[in-house]
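*Asks:* Below you will find the structure I want to go over with you.
No value in this document is a laboratory result; all are computed from the given coordinates. Just so we're clear, the structure is a prediction, and the values are computed from it rather than from any experiment. Positions of Cβ are generated from backbone atoms using ideal geometry, with glycine treated the same way; all protein chains shown enter the neighbour counts.
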Amino acid sequence: MQSTSKQKDTRPELRRSPGILAALALFSFAFVVLSPIGLPGIQTAAAEDDPFVLQFPKLTLKSGAEAPAPVTLKPKAGWKWNTEYPASAEVSVDGPCETTTKTLGKSGKAIELKGKDVVFPVSLKGKAAGSAKVTVMGNFSICNEESCKIFRKRGMVYTVEIK
């Protein structure tokens, strides 16, 4: 004769508490909003807090002509370009103009270091008369003696005229 013994389940019952879910949602929201990286495509630091100054080309293109339109990054005193960071940038144009340098850095045209300055070598070609907005979305790092700042998806935007 077989003995049938049933053991009582002593495991605690797992239930989802509305309070725990609300706390988790609040934590997730705070993490995204307050994180130093922020949401993709949004630069969280103000430009005046940047350890560099950007110089944009003052350029008027002729329709059908190609010309260099580099963006120059000048580190502020005490800061320098981090040559060990795998810098890269994507170039896009909105308007009657196109770029022949869509990718800079890792898999595209090299980002140039000229002394302490850094040059994003953008080249543009006008297609028709008008105004075009050029966006260079960069990923790079700038360091001082104590720390490094990493910039991801840092937008550098300027306008060119095409005649």
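*Asks:* For the pair ALA128 and THR72, how long in nm is the line joining their label points, each one 7 Å along Cα→Cβ?
*Replies:* In this crude label model, ALA128 to THR72 measures out at 3.4 nm.
*Asks:* Identify the GluC sites (Glu not before Pro) of the range 62-106 meeting these criteria: DSSP loop state and at most 14 other C-beta atoms within 10 Å of the C-beta.
*Replies:* Counting only loop positions with at most 14 other Cβ atoms within 10 Å, the GluC sites (Glu not before Pro) in the range 62-106 are GLU84.
*Asks:* Here is a further query. Grab the Cα-Cα distance for SER92 and SER63, subtract it from 0.36 nm times how many residues apart they are, and report the gain in nm with one decimal.
*Replies:* 8.6 nm
*Asks:* Note down the nm distance, to one decimal, between modelled labels 7 Å out along Cα→Cβ at VAL53 and at THR100.
*Replies:* 3.1
*Asks:* Right, something else. With a ≥ b ≥ c taken as the square roots of the eigenvalues of the C-alpha gyration tensor of the range 47-162, please select rounded if a/c is under 1.5 and otherwise prolate if a/b is larger than b/c or oblate if it is not?
*Replies:* prolate
*Asks:* Within a 10 angstrom radius of the beta carbon, how do TYR85, TYR158 rank from fewest other beta carbons to most?
*Replies:* TYR85, TYR158
*Asks:* A further question follows. Is the range 55-108 best put as rounded, prolate or oblate by its Cα gyration tensor, with a ≥ b ≥ c the root eigenvalues, rounded for a/c under 1.5, and otherwise prolate when a/b is larger than b/c, oblate when not?
*Replies:* oblate
*Asks:* How high is the relative contact order of the range 98-150? Use alpha-carbon pairs under 8 Å, at least six apart in sequence, and give a whole percent.
*Replies:* Relative contact order here is 26 percent.
*Asks:* What does the charge dipole of the range 47-162 about its Cα centre add up to, to the nearest 20 debye, if the Cβ of each Lys and Arg holds +1 and the Cβ of each Asp and Glu holds -1?
*Replies:* 240
*Asks:* Under 15 Å Cα to Cα from LYS109, which aspartates and glutamates show up? Leave out anything in the same chain fewer than 8 places away.
*Replies:* GLU90
*Asks:* Can you tell me the relative contact order of the range 47-162? Whole percent, Cα pairs under 8 Å, sequence separation 6 or more.
*Replies:* Once normalised by length, the contact order is 31 percent.
*Asks:* Tell me the net charge near GLU48. Cut-off is 15 Å between Cβ atoms, GLU48 excluded, with +1 for each Lys or Arg and -1 for each Asp or Glu.
*Replies:* Here the charged neighbours net out to +2.
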